[in-house]
There are 2 protein chains.
Amino acid sequence: MEMNHHGTVERWGCLELSFPGKKDGNPFTDDTIRGIFTGEHETVETDGFYDGDGVYRIRFMPSYPGEYRYTVSGTFGETREGSFTVTEAGPDNHGPVRVQNALYFSYADGTPFYPVGTTCYVWELQTDELIEKTLRSLQKARFNKIRFCILPKHYDYNLGEPRSYPFEGTPMDSSVLTKDNFLQYTGKTEGNHFDFTRLNPAHFRHIENCILRLQKIGVEADLIVMHPYDRWGFSSMPREADELYWKYVLARFSAYRNVWWAAANEYDLLSAKTVEDWEFYGSLMTRLDPYHHLRSIHQCMKMYDHTRPWITHCSIQRQDLYRTAENTDEWQKEYGKPVVLDEIAYEGNIQHGWGNISGEEMTRRFWEGALRGGYPGHGETFLHPEDILWWSHGGELHGESWKRVGFLLDILLNVPGNGLKIAEKVMQDWDCVHAIPAVESSAERSGYHLYYYSFMRPSFREFRFPEDETWQVEVIDTWNMTIDNRGVRSGKFRVELTGEPYMAIRLKKVPG
Amino acid sequence: MEMNHHGTVERWGCLELSFPGKKDGNPFTDDTIRGIFTGEHETVETDGFYDGDGVYRIRFMPSYPGEYRYTVSGTFGETREGSFTVTEAGPDNHGPVRVQNALYFSYADGTPFYPVGTTCYVWELQTDELIEKTLRSLQKARFNKIRFCILPKHYDYNLGEPRSYPFEGTPMDSSVLTKDNFLQYTGKTEGNHFDFTRLNPAHFRHIENCILRLQKIGVEADLIVMHPYDRWGFSSMPREADELYWKYVLARFSAYRNVWWAAANEYDLLSAKTVEDWEFYGSLMTRLDPYHHLRSIHQCMKMYDHTRPWITHCSIQRQDLYRTAENTDEWQKEYGKPVVLDEIAYEGNIQHGWGNISGEEMTRRFWEGALRGGYPGHGETFLHPEDILWWSHGGELHGESWKRVGFLLDILLNVPGNGLKIAEKVMQDWDCVHAIPAVESSAERSGYHLYYYSFMRPSFREFRFPEDETWQVEVIDTWNMTIDNRGVRSGKFRVELTGEPYMAIRLKKVPG
């Protein structure tokens, strides 16, 4: 047994150790690799994984700077020991995102985090060229979270083959698929020949690269572990295969700081799974991810019980054709957890009502959610000559709402503390969204007010403050992305507006 | 006693008899006049009223053609008897509007009636010139119902004096009123000197003229008997004064076929009144209006119990900033009565959220309500240099939604039967409003379908019908008011749309 010093890794960086080991039999099911990582402030036990070709790997994300030692053992080969140094985090590394104060998020280093995410279900299973386009689009729009699936997707506009499969084997002949018959194959296993005891390391290795590319540009990877848009049998595997897959996913991806776990997309459409199954996956995540990344489960129709302890935040899909983002504060009360509006319909023009709202309406939903202290999620579904829809494939952005993401983000980052909340309702607020910083104890004492008028078009609004208070008045056009400084005002004052929709007024108290 | 033959009156016309009588003392409180009108198919007892200057009048609306006799008696003077002939109704006279089949309206002669109304609270208390303008605007827009108040209105943009008062006396000095202090005077009585035992016949005579002018252009007069926007004490009179006023209103106006009774606007803001009071007014209406005109009561926040037997239909104000018209079918289920959406916000640009939605949003709410078998109500509140806002004063229409009223009305009048209803929900309908005629037993058997896509913007929609059925396909642009005939189709077919919002598709089965 030799003792290696593996140099340095950043705090919340990823240390990866790899060792040659057994390759006979089935290392995926037969062999183990487990490590203990010990620094001054933590001891972490975690599983490694078999990466094919006789190579075993184990990864570790340190939460503190300082000197660490490790011991790695298992059936894979001889026990290994070593040490390494954890340096302070680099300037763009704030650690993983945590729930900070009940309803809000911060990075581990305390920096406030306002998720403004998008959804591209299988962007990472497209061509290299399209993947690069997606990464550029994400940066251009300043999205800081993206939801995507580990497993390939079969659905309308998604009939092609993925670049790889998570298991060894061969898929059904997809040449039989048409826009009219694809639903008949959904959830079926016929014609597929996958070995659910042998994972395909290349599939996961590629996804890791994508997670790291996202990390580099400051984007959280909200990984959807299971989903119902399946024709390969991955949505209806037996418990042993599910467990092998989940453990492999957790062992490979947990040490990346930008990972979030979404147990499922539309869990309620996975007809082969029961609540007991979801609770089992929940227990795997809490037990096998030593870093306690954020965990959620996303519904189609029936909301999962988000009070379950393994769930860190609500990941919500539109519950009503007409109002969803507007319900944010009700869900906060009901579940006591951050509300991430991961699907409030997509901007676009496809035939389905979930995928054809306007950019204005999408942006309006963003603001309605954000001012209530919720976290809106973007998506796009525009018809495309090659069926490249952002919602699944990524690529180019074609809509209008993505252009307004950065503007909203800057408004949010300017809020004192790490979140907004609805001010206690007073009569004159019934017809606007009146937000104050979450850290304020009451609207009356708050030195910051943000009023949003949504689709309404007031020509002016009136305010009443004590005569001895002075307020900086700004008129925000959330659609045209302008902030108009209207100077300082006191007592009772009137703010002229344009009579256009999507306006907001921001008031900041001038220190007296 | 002499017997007079008073010539002829139309079925559902108004026979008015007038007699000289006592003028000493206080005829309003001390004297009575009551008539019995008898034809072959009905006997109606009803009160008359004192019209000032020693003149007493009594009115009667016959419901059947034929020969009638009457006896009029009371303390006013000697008993009078006579006869008259009721002829068939003229071509534009369909009688009063009735609830026909639980949720729908028809005129008494069976002609379907789809109320598409507007609100001009005190249009009739403005100058003659403005009144004429309002009547022209109503016709131009094809509104067929208007809500307005019998009592004058005190509110923001409504600080002027009315042309007359319902009682004898003098009002407070209104020169003290400003936009900032008017609320302090709301509901107060100080400074007013009205004699609540002496009505002002001229006030009511003028309103009658307005009711008749509306009748001539086919507009129902939805009379708001009480309301809270008051600085004269009319909203907080003692029970005896209320009763005198209500009885006078019922005696004067009941015989006009186009009258509807709205017991109150925003009853829940009349702080001096209790549910017992409203139930009392309800009993007066059922007892003293022999023709049983439609009766409703309109809320601000808290819905009245519309299951009460005296209420014929729900008169509903917006219950939520975001969805109201979309709740129509829920209220139909809850109350089992027609749902008239008498205030779903106003198109305009004033500071209040109830008065600043766009023409597009107003029109969208119209369609959302109408396709569910509800009856949308229009209103306008645009800032005006002389504070002439349609919502209160009538006058000119300045918005965009009124231009779309006639188009919707024509679509509705083309529906088989007298109403639409939501089709039983099937999966492919979750994202549209799918209406069928109320007379159809099921969507599957219906020969008429109307699909409305609201703010959604599908580029196409697909339909599946049996191969042996042929359907006439029309694409309706509800905003641009076009109906595009797309020919006949069978079996499974696709209808191309523009990707613009506010589209509808109408399918009519071609007889095979």
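Answer yes if at least one residue in the stretch A:469-490 is open to solvent by less than 30 Å² (accessible area, probe 1.4 Å) and modelled with pLDDT under 95, and no otherwise. Within the stretch A:469-490 (the criterion being open to solvent by less than 30 Å² (accessible area, probe 1.4 Å) and modelled with pLDDT under 95), the answer is no, since none of the residues qualifies. If you filter the stretch B:18-34 down to residues that are of a type in the set (A, V, I, L, M, F, W, C) and in contact with a Lys or Arg (Cβ under 7 Å, 6 or more places away or on another chain), you find that the one that is least open to solvent (accessible area, probe 1.4 Å) is B:Phe19. Scanning the stretch B:222-239 for residues that are surrounded by fewer than 21 Cβ atoms within 10 Å (Cβ to Cβ) and small (Gly, Ala, Ser) turns up just one, B:Ser236.
Total residues in the stretch B:422-439 satisfying the condition of being among the β-branched types (Val, Ile, Thr) and touching a residue at least 40 places away in the same chain (Cβ under 8 Å): the figure is 2.
Scanning the stretch A:308-322 for residues that are open to solvent by 20 Å² or more (accessible area, probe 1.4 Å) and closer than 20 Å to A:Lys273 by Cα returns A:Arg308, A:Pro309.
Within the stretch B:50-58, does at least one residue satisfy the condition of being touching a strand residue (DSSP E or B) at 6+ places or on another chain (Cβ under 8 Å), outside the structural domain of B:Pro166 (by TED's automatic domain parsing) and over 25 Å from B:Gln215 (Cβ atoms)? Let's see the steps before the verdict.
Quick first cut of the stretch B:50-58, residues touching a strand residue (DSSP E or B) at 6+ places or on another chain (Cβ under 8 Å) only: B:50-51, B:54-58.
In the following step, the residues that additionally are outside the structural domain of B:Pro166 (by TED's automatic domain parsing) were identified as B:50-51, B:54-58.
With over 25 Å from B:Gln215 (Cβ atoms) added as a condition, the list becomes B:54.
Checked the stretch B:50-58: at least one residue is touching a strand residue (DSSP E or B) at 6+ places or on another chain (Cβ under 8 Å), outside the structural domain of B:Pro166 (by TED's automatic domain parsing) and over 25 Å from B:Gln215 (Cβ atoms).
Considering the stretch B:350-380, and only residues there that are under 19 Å from the mean Cα position of the chain (by Cα) and assigned to a strand (DSSP E or B), the residue that is farthest from B:Ala443 (Cα to Cα) turns out to be B:Glu380. The residue that is surrounded by the most Cβ atoms within 10 Å (Cβ to Cβ), counting only those in the stretch B:328-350 that are out of contact with any helix residue (DSSP H, G or I) (no Cβ under 8 Å at 6 or more places or on another chain) and of a type in the set (Val, Ile, Thr), is B:Val340.
Filtered by the rule that a residue be crowded, with 21+ Cβ neighbours inside 10 Å, within 14 Å of another protein chain (Cβ to nearest Cβ) and in a loop (DSSP other than H, G, I, E, B), the stretch B:381-395 gives B:Phe382, B:Leu389. Can A:Gly399 be described as surrounded by 17 or more Cβ atoms within 10 Å (Cβ to Cβ), of a type in the set (Gly, Ala, Ser), closer than 29 Å to A:Tyr157 by Cβ and touching a residue at least 40 places away in the same chain (Cβ under 8 Å)? Here the answer is yes, as A:Gly399 does meet what is asked.
Name the residue that is surrounded by the most Cβ atoms within 10 Å (Cβ to Cβ), counting only residues in the stretch A:491-512 that are free of Cβ contacts under 8 Å to residues at least 60 places away in the same chain, over 21 Å from A:Met427 (Cα atoms) and within 14 Å of another protein chain (Cβ to nearest Cβ). Applying the filter and picking the extreme gives A:Gly499.
Filtering the stretch B:336-377 to residues that are more than 10 Å from every other protein chain (Cβ to nearest Cβ), polar (S, T, N, Q) and over 16 Å from B:Ala141 (Cα atoms) leaves nothing.
Condition check: outside the structural domain of A:Arg205 (by TED's automatic domain parsing), touching a residue at least 24 places away in the same chain (Cβ under 8 Å) and closer than 18 Å to A:Arg205 by Cβ. Does A:Phe19 satisfy that?
Details: outside the structural domain of A:Arg205 (by TED's automatic domain parsing): yes; touching a residue at least 24 places away in the same chain (Cβ under 8 Å): yes; closer than 18 Å to A:Arg205 by Cβ: yes.
Considered against the rule, which asks whether it is outside the structural domain of A:Arg205 (by TED's automatic domain parsing), touching a residue at least 24 places away in the same chain (Cβ under 8 Å) and closer than 18 Å to A:Arg205 by Cβ, A:Phe19 comes out as yes.
Residue pairs whose Cβ atoms lie under 6 Å apart, sitting 6 or more positions apart in sequence or on different chains, and linking a residue in the stretch B:446-460 that is under 9 Å from A:His352 (Cα atoms) and buried (at least 22 other Cβ atoms within 10 Å of the Cβ) to a partner that is at pLDDT 95 or above and among the aliphatic types (A, V, I, L, M), are B:Pro458/B:Leu497.
On inspection, B:Ala325 qualifies as open to solvent by less than 20 Å² (accessible area, probe 1.4 Å), small (Gly, Ala, Ser), within 14 Å of chain A (Cβ to nearest Cβ) and touching a residue at least 40 places away in the same chain (Cβ under 8 Å).
Just checking, which of A:Asp180, A:Asp156 is within 21 Å of A:Asp387 (Cβ to Cβ) and in contact with a helix residue (DSSP H, G or I) (Cβ under 7 Å, 6 or more places away or on another chain)? Break it down stepwise before answering.
Details: A:Asp180 fails: in contact with a helix residue (DSSP H, G or I) (Cβ under 7 Å, 6 or more places away or on another chain).
Result of the check over A:Asp180, A:Asp156: A:Asp156.
Loosely packed, with under 15 Cβ neighbours inside 10 Å and among the polar types (S, T, N, Q): is that true of B:Thr85 in this structure? Here the answer is no, as B:Thr85 does not meet what is asked.
Yes/no matrix, rows are residues, columns are (1) among the aliphatic types (A, V, I, L, M); (2) closer than 25 Å to B:Gly336 by Cβ:
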| position | (1), (2) |
| --- | --- |
| B:Ile411 | yes, no |
| B:Gly419 | no, yes |
| B:Val426 | yes, yes |
| B:Glu440 | no, yes |
| B:Arg445 | no, yes |
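The values are calculated or read from the model by the stated rules, or taken from the named source; none is laboratory data. Everything quoted here is computed from the prediction, not taken from an experiment. We place every Cβ from the backbone using ideal geometry, glycine too, and count neighbours over all the protein chains shown. The area values use the complete protein model at the heavy-atom level, side chains included, leaving out ligands, DNA and RNA. Shrake-Rupley method; radii C 1.70, N 1.55, O 1.52, S 1.80 Å.
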